[in-house]
Amino acid sequence: MPLIDPGKKAPVFSLADAQGATHHLKEYLGRPVILFFYPKDGTPGCTAEACGFRDLLPALEPLTAVVLGVSADSAESHATFAAAHSLNFPLLVDAFGRDGVPKTCDKYGVWQEKTFYGRTSMGVVRTTYLVDEAGKVAQRWDNVRVEGHAAEVLDAVRGLRRGLPLMIGAK
């Protein structure tokens, strides 16, 4: 499936977190949602990205923004990852379906062919979506470079809360 463009409705989802609580996108209507898709718990880039959001959560809370991390890792893996790095936001489990594809990652277009050291495989491409209070994609970051990313997303949330126009199209 293709990536979701800004201005389009964000696909609905119902995913469990590491503790088994179910999260639905619709329960966050009225709040900005930072939905970051990442390849794998505990890897250097994913750890740095998650810790970046953890560190900026105190600045995001007054803006009523919620941070949700999504990967195809298991609840046990998420729990270990969260505990090891004091992550204070939900990590959602997008389990593999019978077809071998994580459904929500596919709906958001982040389940893609990747090449690593000459080997091609399917996997999650690091992508962040900012979903506005009405459930529409306000901004999307593709092939995220971790350094400074969380701060850039915080700036976008601040702009969204001030009613400033955001960039249209992928960044």
Residue 49 fails exactly one of (1) farther than 15 Å from residue 131 by Cα; (2) among the charged types (D, E, K, R); (3) over 13 Å from the mean Cα position of the chain (by Cα), namely (3)
Filter region 48-84 for residues that are surrounded by fewer than 17 Cβ atoms within 10 Å (Cβ to Cβ) and among the charged types (D, E, K, R); the one that is farthest from residue 124 (Cα to Cα) is 61
List every residue pair whose Cβ atoms sit under 9 Å apart, with the two residues 6 or more apart in sequence or on different chains, where the first one lies in region 80-92 and is within 17 Å of residue 65 (Cα to Cα) and the second, anywhere, is basic (Lys, Arg) and buried (at least 16 other Cβ atoms within 10 Å of the Cβ). 87/54; 88/54; 89/54
Residue 161 within 21 Å of residue 7 (Cβ to Cβ), assigned to a helix (DSSP H, G or I) and not polar (S, T, N, Q): yes
Would you confirm, using the coordinates I've provided, whether residue 72 is of a type in the set (A, V, I, L, M, F, W, C), over 13 Å from the mean Cα position of the chain (by Cα) and on the phi < 0 side of the Ramachandran plot? no
Report the residue count in region 93-137 for those that are free of Cβ contacts under 8 Å to residues at least 60 places away in the same chain and among the hydroxyl-bearing types (Ser, Thr, Tyr). 4
Would you confirm whether or not region 93-113 contains a residue that is closer than 24 Å to residue 7 by Cβ and surrounded by fewer than 11 Cβ atoms within 10 Å (Cβ to Cβ)? no
In region 1-35, what residues are free of Cβ contacts under 8 Å to residues at least 60 places away in the same chain and either surrounded by 13 or more Cβ atoms within 10 Å (Cβ to Cβ) or basic (Lys, Arg) (or both)? 14
Qualifying positions in region 83-141 - farther than 21 Å from residue 12 by Cβ, of a type in the set (Lys, Arg) and modelled with pLDDT under 95: 114, 119
If you go through region 158-169 one residue at a time, do you hit one that is within 18 Å of the chain's Cα centre (by Cα) and either of a type in the set (Phe, Trp, Tyr) or crowded, with 21+ Cβ neighbours inside 10 Å (or both)? no
Just give me the residues in region 17-53 being assigned to a strand (DSSP E or B) and hydroxyl-bearing (Ser, Thr, Tyr), in sequence order. 22
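The values are calculated or read from the model by the stated rules, or taken from the named source; none is laboratory data. Everything numeric here is computed off the predicted structure, so don't read it as measured data. When we count neighbours, we look across all protein chains shown, and the Cβ atoms used for this are built from the backbone with ideal geometry, even at glycine.
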